[in-house]
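Engineer: Have a look at this one.
The values are calculated or read from the model by the stated rules, or taken from the named source; none is laboratory data. Please read all numbers here as calculations on a predicted model, not as lab measurements. Neighbour counts run over all protein chains shown; Cβ positions are idealised from the backbone, glycine included. The accessibility values were calculated without ligands, DNA or RNA, using every heavy atom of the protein model including side chains. Shrake-Rupley method; radii C 1.70, N 1.55, O 1.52, S 1.80 Å.
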Amino acid sequence: MSENNSSLTYAVFKTLSVINEAESKKKGRPVYDDQEICEIRFSGNKQTVGVFPAHEQSEWAEDPVTNERVRITYAQKYNDQYKKFKAGAAQAASGTPVEELPFLTQGKRLELKALNIYTAEALAALDGNNLKMLGMGGRELKNQAQTYLDNAAKGADLAAVLSENDELRRRLAELEGKPGKKGARKGQTVPQVSQQTTESEMENDVTDSTEEDEEVVDLEAGDETTSENDGDIDPENPFSDWETDDIKLWIADADPEFEIDGRWGKATLAEKAKEVNDKIAAAKAGA
């Protein structure tokens, strides 16, 4: 199948009533047939308008399954617009409307629409004679439109990374909130004492339990010692306010092959996590 219309092409489907000469002659009265047509306009060119039957061949394309050449109609080539036409919906041009461009005045927006330029993508794609139709300052408008689209794409990439980080934090919070993860380690389960248990046995049980709790607390204190800060953390680091264990979990989840040194403190872990995060973001940007 062919790709949809480019930014410089604006297709609109309509229904026209066309006289059927043969039927009119046969029945002795005018007979009309409804015909679906595709009207194509070109950005920066208000002189040329193409009108074609919607189901006539527009081009040839290679079938991805059979590798055979197949005919592509206008309805297939501009399929999104054709679906809107059949659904009775407005056939707006695909892209960001010029109404969203803050550097345009209302008068300039009307001028662009008169030249069949309805979107930021169409304005940014103008070149040659079509660009000259914009007159003085046309090149600057084109460049401003391209800058707008580039900045929007960068913002979308950043938003995606931040959303992934928020999702990881949510998952870590859910893991920390699961019962039995730390409670069992601290010996919070109280042993059942039978009615025949003597008072001295109960005292022994309490003493043993207290000693076990103290051992667990000592172990946890030791763990915290190994996770202390080993330097200042850059406040711009997205992991600066994370707990040490949370950073370790995030790294393990984001890059299972990454080896974490048990001697690293929070500052080092935060820096390593940022490196992994930057690597993931760069890989997605290059995809």
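Engineer: Please verify whether the range 200-223 includes one or more residues that are within 45 Å of the chain's Cα centre (by Cα), of a type in the set (A, V, I, L, M) and modelled with pLDDT of 80 or more.
Structural biologist: no
Engineer: Determine the pairs where a residue that is farther than 20 Å from residue 130 by Cα, located within the range 98-114, has a partner that is of a type in the set (D, E, K, R) with Cβ atoms under 7 Å apart, the partner being 6 or more residues away or on another chain.
Structural biologist: Correct list of pairs: 99/109.
Engineer: Ok, one more. Inside the range 123-160, can you point out the residues that are open to solvent by 80 Å² or more (accessible area, probe 1.4 Å) and not polar (S, T, N, Q)?
Structural biologist: Listed by number, the residues that qualify are 127, 132, 133, 136, 139, 140, 154, 157, 158.
Engineer: What is the residue count in the range 52-95 for residues that are hydrophobic (A, V, I, L, M, F, W, C) and under 18 Å from residue 7 (Cβ atoms)?
Structural biologist: So the answer is 2.
Engineer: A further question on this structure: For the range 261-272, enumerate the residues that are touching a residue at least 12 places away in the same chain (Cβ under 8 Å) and exposed (fewer than 15 other Cβ atoms within 10 Å of the Cβ).
Structural biologist: Scanning the range 261-272 gives 262, 263.
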